[in-house]
1. Test of understanding: extend the Cα→C-beta vector of THR118 to 7 Å, then name every residue of the stretch 69-88 with backbone N under 17 Å from that spot.
2. So what is Rg over Rh here for the chain, counting just Cα atoms and using Kirkwood for Rh?
3. Can you give me the angle between helix 49-59 and the longest principal axis of the chain, using Cα atoms only, in degrees from 0 to 90, rounded to the nearest 10?
4. Hey, rough spin-label estimate for ALA74 and ARG37, points 7 angstrom out along Cα→Cβ, what's it come to in nanometres?
5. In nm, to one decimal, how far is the modelled label at SER11 from the one at THR104, with both set 7 Å along Cα→Cβ?
6. Here are some pairs, LYS79/LYS113; LYS65/LYS100; LYS17/LYS113; LYS100/LYS161; LYS65/LYS161; which of them have Cα atoms lying more than 25 Å apart in this structure?
7. If you line up the long axis of helix 12-22 against the longest principal axis of the chain, both from Cα atoms, how many degrees apart are they, to the nearest 10?
8. Can you say what percent of the DSSP beta bridges in the stretch 68-165, counting only those with both residues inside, are antiparallel? Round to 5.
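The values are calculated or read from the model by the stated rules, or taken from the named source; none is laboratory data. All figures in this text were calculated on a predicted structure; none of them were measured in a lab. Glycine also receives a Cβ, built like all others from the backbone with ideal geometry; neighbour counts cover every protein chain displayed. Each accessible area value is taken on the protein alone, full model and side chains, heavy atoms only, with ligands, DNA and RNA left out. Shrake-Rupley method; radii C 1.70, N 1.55, O 1.52, S 1.80 Å.
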Amino acid sequence: MDEIKKQGDLSPETIEKIKEIALPWKGREDMLIEVLRAVQPFAGNCITEEAASIIADCMDIPRAKIYGVSTFYAFFSQKARGIHIIRMCRSAPCHVKGAKAVITAFEEALGIKVGETTEDGLFTLEYCECLGMCDGSPNIMVDDDVITNVSPHQVPNILAKYRIR
C-alpha cells in the first residue's frame, strides 16, 4: 500500500473526477492548493504523477509547479495512504507531555510503524509539525479533526470512532 502509485493507476472515473475538479480553475494558479486538496482523496489519498499531469493539463500550469507545491506541504503525499490519516504532533510541548507513549500505542494498536499504512488501507500513521494547540498537548490530528490531551489509553476509542466513518 505504501509504494508510489504509477502512471495509469487511476480509474477512468477518477480521471474524470480530477478533470471536473481542476478544469474550472484553468489559468488560476492561485487555486492550485485547493485543487490538490480536492483531488487527493480521489487519487488514493495522494497526488500521483498521473493526477499531477491531469491537473497540469486542466489548469494550464507546469507539472513542476504542481510537484513543488505537492511536495512542500505536509498534507500532500506522493505515496498511497490510508483513508484516515493520523498525524502525531512532534513539537517539544507534545514530546514533553507524552507523545512517544501515544505514538507507541497507535503503532501497537494498528500493527504498523510511523510512515506506514495498515494492510486494510484504513489508517496511515504520520508525524507532523506543531498543530498550534500546545496548551492541550499531546495532540493528534485525524483527517481534519484535532484531538487534544491524548493519552495512550484513549487510542482504542479514537480508532473505533474512525473505523465506523
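1. 81-88
2. Reported Rg/Rh (Cα atoms, Kirkwood Rh): 1.02.
3. With rounding to tens, the tilt is 50 degrees.
4. In this crude spin-label approximation the distance works out to 1.6 nm.
5. Those two pseudo-labels are separated by 4.2 nm.
6. Beyond 25 Å: LYS65/LYS100; LYS17/LYS113; LYS65/LYS161.
7. 90
8. Counting DSSP beta bridges with both partners in the stretch 68-165, the antiparallel share is about 55 percent.
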